[in-house]
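Colleague: If you scroll down you'll find the structure; I have some questions about it.
Every number in this text was worked out from the coordinates using simple rules, so none of it is lab data. Because the structure is predicted, anything quoted here is derived from the model rather than measured. Note that we place each Cβ from the backbone using ideal geometry, even for glycine, and neighbour counts take in every protein chain shown.
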Amino acid sequence: MEMKLTIKRVPTVVSNYQDDADKPRAGCGRNCLGDCCLPASKLPLYAFKANPAKRSQEDAASTNSLVNILLTEWEDRMARGLFRYDVTACETKVIPGNLGFVAQLNEGRHLKKRPTEFRVDRALQPFDPAKFNFTKVGQEEVLFQFENGAGEDSYFLNSAPITAVDHAPNVVAINVSPIEYGHVLLIPRVLDRLPQRIDPESFLLALQMAAEAASPYFRLGYNSLGAFATINHLHFQAYYLSVPFPVEKAATHKIPLSEETMKCGVTVSKLINYPVRGLVFEGGNTLNDLANVVSSACIWLQDNNVPYNVLISDCGKRIFLFPQCYAEKQALGEVSQELLDTQVNPAVWEISGHIVLKRRNDYEEASETSAWKLLAEVSLSEERFEEVKAYIFSAAGLVQSDEEEVVSEGEDTTYAPAPVAPLRVAEGCLVLQ
Amino acid sequence: MASSGAAEADPPGEREREQEQERRRLAASLTARYSDWVLEALDELPGSFLLTDPALAGHPIVYASRGLTALTGYARRDVLGRNARLFQGAATARAAVAGVREAVRAHRTHQVPILNYRRDGSPHWVLLHLAPVFHARDGSVLHFLAVQVPIADAKRRGGAAAAGAVLLAACREEARVEEDFPCAAHAGKAFVDMDKRGLEAEEPRVPSDSEKEMAINTADSIVSALNRYSKLTGLVVSRKRCDSVGIPALSSSLNLSLGRIKQSFVLTYSCLPDMPIIYASEAFISLTGYSREDILGRNCRVLNGPDTSLEVLEEVRTGFYSFFSLSKEPDRSFVASTFIRKDGSSFHDLLHVSPIRDASGKVRLHLSQVAFHIWVHLDMGAKHDFNGLTPEVWQLGAVAAVRVAVRGLSASGSLLRPSQ
């Protein structure tokens, strides 16, 4: 008999249609994103440039840039009253310290609802059409379709038919419980009803969006199931915040790779001096190379039930991967009551250093120490992390070389490279498939 | 006190009754807008100050604080119903008076050192701090508050306050003119006094920082009291202490971000009562012909012309002031109207106004934390490239850009240039 690990939490409402999801729908009378409505509809369309090399900082600032159009349309939805609260009224501050954690007081984000049960020991769960998913979202919550224009320049059309010729459309929708201005959801191939799991094509799309935005302040994030994803329908999150994230400032320790591995141009580093252990992927001869390496790592993690979060930063040039185990600890009762009381769910934004707090006390007293303490609970232990890292490397086709490691930030750590161990019987929260 | 069939009228009683009625009428100026407790609350406040009502004939004083007597020698009942110029006299600088008059006319906050006269005719220097109090819903001025803070003689600072202005009280008393005269000018001219001449010849006294601070604090307390007892929701008041009565300077980072925005817009500073313009985009300058020097510090109504429809403006103001409540009603306040450029030519404009909140929590502003308002203009007569968006949505792009700039900078505490 299989032991199920679950925790109870109040799910975040990301769409105004989420609460009605359980009610039976007697034929769709409204413009949703399902098969009933979407194919016959028209939505705005943003077609991105095929060639990322042409993007520049200047582009980001121009009025027809992706960020500009996204924020403009977002303001329009705000004016239409589609959000549950005004996020610009949420007090925000950069906490003094080395890393500069960003704390926000957001009392409106969390509903005073009955918490629902979330299974946390399965990073992959099959898509359940009965539950809320993004095909049930009203079209007014969609900002635009996001497709590859396959041309020299990007362009925006206020109204375009759904180009569902060879694939279902990718859409960018608002998150009605935003944690920051411009908080949106990127939903690849919405009609395909993919569960929350990373695949190379979708991951590439996310990188393309980051690259098209061409702004280091526009980041994308991903939460796997078990790492605080609320909805089991494939989506990435994104928003704009013009402050550096703590994780982006943290020191890294480059992992030397074999020559063979280095051909694709991707480099991997380990985060040091940061409360959550993680890997940083950079470079790649093409965006595709980078996407392939990282998505392979993610696929291994989700296939092996290791919950994880991904931060896509610096216009898609730096990708942070955090395997985590907070939910499991919570389910096993290993998290202190003090931390549980803050009701912070450490998902990708929190781990990256943007922490949303729901109680004023926590906000007033937020410090680098308290943030560190919270995030340290999320991290895998050093031993476990090394174990997982070895598997990830193997899955991604990366071979660690025997060289001495290059430390990027004068840190005196010694590391003895070990050959990748053969796959062995998993322990702990892994369940054999 | 009815006279029931008494053979003769009781003149003093009659006069008392009239005065009582007059007093009540003036008090009603306050109690109609604020709860009855407001008078008690104002009585608690220290300092010498007045409230005047511009809507009543003669712009009379409707409230005088307890501290007024100590400073000016006037009993409170002496000044109620009279115009505040009663404090001015022969040696009061015309320029200062003109400045006050202009500020009243323009509904602007104003601070000026001025030579006033006490009841006994003695002149004394005060820092006069004048500020309008607005009606939230229609933007009209309900009252003016005028705070008087004595300015100590720099030479004798730290010691006696205004001790140098002692005059022969008796003579002054005789020379006093009737109430009808707006100022005691005649009295002043008829009397020659060494000290007074000395004061006349003096340069205007420079108020110290602590005197300025006291004026502002007193004004703030008055405004807080009015707010607390207001019968109207969201009275627009000044809560923030400004180190000078001038407009704040934006940080260079904010200026830089704002400079990239292509739309025609201004930002007004919402925590000063008259909401002065503190930023104007290049496009706005091109559109209206006003230079930055012309426009900074002015109120947006500078663009109003004879064809600017009042209903339209009313709509803007209503939608605009509704932001001071915490409702999350949609603000589709796009208003089409006609405005006037500097050269007098008019243009058809699509105007959108929206509040921009400062979420740093550092400045305890009004409940809804509104730091600025953005006023985005669109010249309907000119050609524009809307990049595929509708004109209204394109205008919102300016709002979005300002919001993210303000958000990022207020988080890191660098929104306004720090005051020295």
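Colleague: Give the residues of the range A:313-357 whose amide nitrogen is closer than 17 Å to a point set 7 Å from the Cα of A:S381 in the direction of its Cβ.
Modeller: What the label zone holds, given the 17 Å backbone N cut-off, is A:323-336.
Colleague: Within a Cβ distance under 11 Å of B:R23, other residues only, what is the Lys/Arg minus Asp/Glu net charge?
Modeller: +1
Colleague: I've got another one for you. Just tell me how shielded A:71-83 is by partners: mean number of partner chain Cβ atoms within 10 Å of each residue's Cβ, no decimals.
Modeller: 6
Colleague: Once amide H atoms are built 1.01 Å from N in the peptide plane, which residues 5 or more positions from A:Q324, or in another chain, come under 5 Å H to H?
Modeller: Excluding prolines and chain starts, which carry no amide H, the hits are A:Y308, A:N309.
Colleague: Would you report the distance distribution of C-alpha pairs in the range A:144-278 as whole percents per 5 angstrom bin, up to the bin with the largest distance?
Modeller: 2, 8, 14, 18, 20, 17, 11, 7, 3, 1
Colleague: For B:G47, what residues show an amide H to amide H distance below 5 Å, using hydrogens built from the backbone and excluding near sequence neighbours?
Modeller: B:G67
Colleague: Please give the peptides B:391-401, B:88-98 ranked by average Cβ packing (other Cβ atoms within 10 Å per residue), highest first, as a rough proxy for protection.
Modeller: B:391-401, B:88-98
Colleague: Can you list residues whose amide H is under 5 Å from A:I272's amide H, if they're 5+ apart or on another chain and H is modeled 1.01 Å from N?
Modeller: Under 5 Å from the amide H of A:I272: A:A251, A:T252, A:H253.
Colleague: Could you tell me how far the Cα centroid of the range A:205-283 sits from the Cα centroid of the range A:300-378, in Å?
Modeller: 15 Å
Colleague: Now, a different point. Taking beta carbons within 10 Å but only from partner chains, what does the mean come to for residues A:91-101?
Modeller: That works out to 3 on average.
Colleague: Arranged from highest to lowest average of other beta-carbon atoms within 10 Å per residue, in what order do the peptides B:209-216, A:276-283, B:287-294 appear? Intermediate results must be reported in sequence, preceding the final value.
Modeller: Working: B:209-216: 17.9, A:276-283: 21.9, B:287-294: 15.9.
Top of the packing list down: A:276-283, B:209-216, B:287-294.
Colleague: Counting partner chain Cβ atoms within 10 Å of every residue's Cβ in B:394-406, what's the average?
Modeller: Mean number of neighbouring Cβ atoms from other chains: 6.
Colleague: Just check the range B:48-119 against the gyration tensor rule for me: Cα atoms, a ≥ b ≥ c as the square roots of the eigenvalues, rounded for a/c under 1.5, and otherwise prolate or oblate depending on whether a/b exceeds b/c.
Modeller: Here the range B:48-119 falls in the oblate category.
Colleague: Scale the Cα Rg of the range A:280-410 by the rule-of-thumb value 2.2 N^0.38 Å and send over the ratio, two decimals.
Modeller: Taking N as the residue count of the range A:280-410, the ratio is 1.19.
Colleague: For the peptides A:230-241, A:332-343, what is the packing order when you average, over each peptide's residues, the other Cβ atoms within 10 Å and list the highest mean first? Display every interim value, and only then the final one.
Modeller: On the way: A:230-241: 23.2, A:332-343: 12.3.
Going by the mean number of other Cβ atoms within 10 Å, highest first, we get A:230-241, A:332-343.
Colleague: So what are the range A:235-314's ellipsoid semi-axes, whole angstrom, largest first, if each one is the square root of 5 times an eigenvalue of the alpha-carbon gyration tensor?
Modeller: 21, 17, 15
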